[in-house]
Amino acid sequence: MSGFSNITAVILTGGLGTRIRSLVSDRPKVLAEIVGRPFLTFLLDQLASVGARKAVLCTGYMAEMIQVKLGDGYKSLRLTYSKEQEPLGTGGALRLALPRLQSDPVMVMNGDSYANVDLHAFLEWFLKKDSTVGILLTKVKDTSRYGKVVAAEDGRIESFEEKGGNHEPGWINAGIYLMKKKLVAAIPAEKPYSLEREFFPGLIGKGLYGFRSETEFIDIGTPESFSRAEAFMSRVCG
């Protein structure tokens, strides 16, 4: 497999964005204007920059607005859409998109966060590992908001600690995954299901690894982080 040119990327864009509804009320949060452009386009730029050609957008809340805004293509990317009729969670939305996944492995990205990571290095690491799922991990000063990921020296994930724990530095799930297609097929279909709370914890000891990268990371899920996004994206992608 030659890099990302044959890999289907999936972006999860169906979140309701309730915590920032007071700031972004007229559109899904992935279309929130950051530096004068929809936040989602930064992720699409990241994919285009590594030569990706196919992206599936898992939509839900205000789905039509995303499709109208982006259409069927963005730079080198051909865009297709997988629309949930009712909220299915991150896992359920990914499972719904299974018929549109044309590669093995596939890459999955949260649509409301950005990690300034070397995706080529992540893919190369994953292909060399005897792993079924690789989670991008990044280091933060306070893991309490995100939940902590504990991994062995070789990257094998040992446990997930819930949000709201100790205010201490550590590794967190940065919202980009590489996984074998058979794992997507194993997700329960047509029901709400969470990758973070249900799927990944169930894979501990079954080929679940974390790729440690002290990359710069931001999400736009809370008013506090949203307020920092403008300066962050200007600096990282300016």
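Points to keep in mind about this one:
- Note on D26 and E224: with the Förster distance fixed at 22 Å, the Cβ-Cβ geometry gives a FRET efficiency of about 0.55.
- When the chain is treated as a GNM with alpha-carbon contacts under 10 Å, the residue of L203, L94, L178 showing the greatest mean-square fluctuation is L203.
- Loop-resident sites, segment 35-122, for trypsin sites (Lys or Arg not before Pro), counting at most 14 other Cβ within 10 Å (DSSP): K75
- Under 5 Å between amide hydrogens, built in the peptide plane, is the criterion, and for G210 it picks out I135, R156, I157 among residues at least 5 positions away or on other chains.
- Within a straight-line Cα-Cα reach of under 22 Å, K128 can be paired with the following lysines, leaving aside sequence neighbours fewer than 8 residues apart in one chain: K180, K181, K182, K206.
- Loop-located trypsin sites (Lys or Arg not before Pro) across segment 107-161 with a Cβ neighbour count of 14 or fewer within 10 Å are K141, with loop assigned by DSSP.
- A Gaussian network model of the chain, with springs between Cα atoms under 10 Å, assigns the largest mean-square fluctuation among A52, A152, A97 to A152.
- Comparing mean-square fluctuations of L70, L96, L47 from a GNM of the chain with C-alpha springs under 10 Å, the top value falls on L70.
- Within straight-line cross-link reach of K148, aspartates and glutamates at Cα separation under 13 Å, skipping those fewer than 8 residues along the same chain: E158, E161, E162, E168, E196
- Of all DSSP beta bridges in the chain, antiparallel share, percent nearest 5: 55
- Low-density loop positions, chymotrypsin sites (Phe, Trp or Tyr not before Pro), segment 136-212 - DSSP coil, at most 10 other Cβ in 10 Å: none
Readers should treat all values here as calculations from the given coordinates under stated rules, not as data from a laboratory. Because the structure is predicted, anything quoted here is derived from the model rather than measured. Glycine also receives a Cβ, built like all others from the backbone with ideal geometry; neighbour counts cover every protein chain displayed.
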